[in-house]
Amino acid sequence: MSQSVATTSSERLSENDVQAIDQLREVYAKLRKELGRVIVGQTDTIERLAICLFARGHGLLMGVPGLAKTLLVSKLAETMSLKFSRIQFTPDLMPMDITGTDILQDTAGGKRDFEFVHGPIFANIVLADEINRAPPKTQAAMLEAMQERKVTVVGKAFTLEAPFLVLATQNPVEQEGTYPLPEAQLDRFMFLIELDYPSEEEEVRIARTTTGDDLPELSHLLHAEDIIRHQHLVRRVPVPDHIYQFAARLVRKTRPNGSTAPGWLKPLVAWGAGPRAVQNLILGAKARAALMGSYMVRLEDIQEVASPVLTHRIITTFAAQAEGVDAKKIVRRLIEETNTET
């Protein structure tokens, strides 16, 4: 094999990076197989969770109760030898319940002093269950930690240990007594991962798997150091120039006031995606390419991550809701139209 892999852009992969991508592809195949011992189906969800992890993004899981969201996230952490914590969001949850707080303790010398007690946010993978049930002040504390990778308590800053991945869930059915995440906070999530009901065959397998003895313990495939190394590798995956242009063109078409927005979109969309969407499209495509063993980002990688990246960043109008047109349908049509222009 040559010393580098050429692309249509100025970027190059070293021979060591090529070998590292091959290793990542093999590890990802083992990860899917290992999770398959416990999780039935959900292959797309597993792929998108892995993309979020290796791209250093966060995911918002949307699905009705009973779709194994908590089990999937906890078993993902188990296969990667990562510290996992689950936070059940409730209306009375306070920021200190997440970040931790100073507690007055007796010291060896008989004096009393404040000692910081770490909250559940100090983990590698954090499941924020029903994040929209907590009040905005608590949501803000969580989202600050997601963005800054650190928390501030009583004027003292604490850095969160890498890797750090937040996977939040929302129940799309019951909205009474909830505090919907504002659009600016939704934008902090790299992916919106939608979980659907399993097929009949999968539901039979679920019944067989979960109504027997205890679930099997999964093998540890990766450690924190391995994940951090793969995260750096993903950032080095080359992106051809036309892929950058495709991503930017696709995102700009979501903005109804822009000159490139198609005429059919303008009455359906109130607000389109911002520049962070372009960044996440590229990062998500880089991670997917590496997981699939590709030495550069391909158009299909962008197409596969476009829906989870853009759906929660597009705000539809009342007219769209009246016509039964949601953001997912709009993104699908935009991808088809943008494909014909390449």
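The values are calculated or read from the model by the stated rules, or taken from the named source; none is laboratory data. Just so you know, these numbers come straight off a predicted model, no measurement behind them. Glycine gets a Cβ as well: all are built from the backbone with ideal geometry, and neighbour counts include every protein chain shown.
Structure notes:
- Residue count, segment 314-342 (criterion: of a type in the set (Asp, Glu) and either at pLDDT 95 or above or assigned to a helix (DSSP H, G or I) (or both)): 3
- Tallying residues that are farther than 19 Å from Leu82 by Cβ and in contact with a strand residue (DSSP E or B) (Cβ under 9 Å, 6 or more places away or on another chain) within segment 189-225 yields 4.
- Checked across segment 80-88, the condition of being closer than 23 Å to Glu130 by Cβ and part of a loop (DSSP other than H, G, I, E, B) holds for at least one residue.
- Of the residues making up segment 257-282, those that are under 15 Å from Phe246 (Cα atoms) and crowded, with 21+ Cβ neighbours inside 10 Å number 5.
- The single condition among (1) outside any loop (DSSP other than H, G, I, E, B); (2) under 22 Å from the mean Cα position of the chain (by Cα); (3) among the acidic types (Asp, Glu) that Glu201 does not satisfy is (2).
- Checked against the criterion of being buried (at least 20 other Cβ atoms within 10 Å of the Cβ), of a type in the set (A, V, I, L, M, F, W, C) and touching a Ser or Thr at 6+ places or on another chain (Cβ under 7 Å), the candidates Leu76, Leu61, Leu53, Leu24 yield just one match: Leu61.
Residues checked against (1) over 18 Å from the mean Cα position of the chain (by Cα); (2) within 29 Å of Ile228 (Cβ to Cβ); (3) of a type in the set (Gly, Ala, Ser):
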| position | (1), (2), (3) |
| --- | --- |
| Thr90 | yes, no, no |
| Asp102 | yes, no, no |
| Pro120 | yes, yes, no |
| Met142 | no, yes, no |
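- Count of segment 229-247 residues which are surrounded by fewer than 16 Cβ atoms within 10 Å (Cβ to Cβ) and not charged (D, E, K, R): 3
- Where Arg112 falls short, out of the listed (1) surrounded by 13 or more Cβ atoms within 10 Å (Cβ to Cβ); (2) among the charged types (D, E, K, R); (3) in contact with an Asp or Glu (Cβ under 8 Å, 6 or more places away or on another chain): (1)
- Flag not set for Ala128, criterion: closer than 27 Å to Asp44 by Cα, hydrophobic (A, V, I, L, M, F, W, C) and surrounded by fewer than 18 Cβ atoms within 10 Å (Cβ to Cβ).
- Applying the set (1) closer than 24 Å to Ile193 by Cβ; (2) of a type in the set (S, T, N, Q); (3) modelled with pLDDT under 95 to Gln279 leaves exactly one unmet item: (3).
- Of all residues in segment 207-265 being charged (D, E, K, R) and touching a helix residue (DSSP H, G or I) at 6+ places or on another chain (Cβ under 9 Å), the one that is farthest from Tyr295 (Cα to Cα): Glu217
- Matching residues in segment 30-73 - criterion: being modelled with pLDDT under 85 and of a type in the set (S, T, N, Q): Gln42, Thr70
- Being over 27 Å from Phe164 (Cα atoms), in contact with a Ser or Thr (Cβ under 6 Å, 6 or more places away or on another chain) and either touching a residue at least 24 places away in the same chain (Cβ under 8 Å) or among the acidic types (Asp, Glu) (or both) is a property that does not hold for Leu299.
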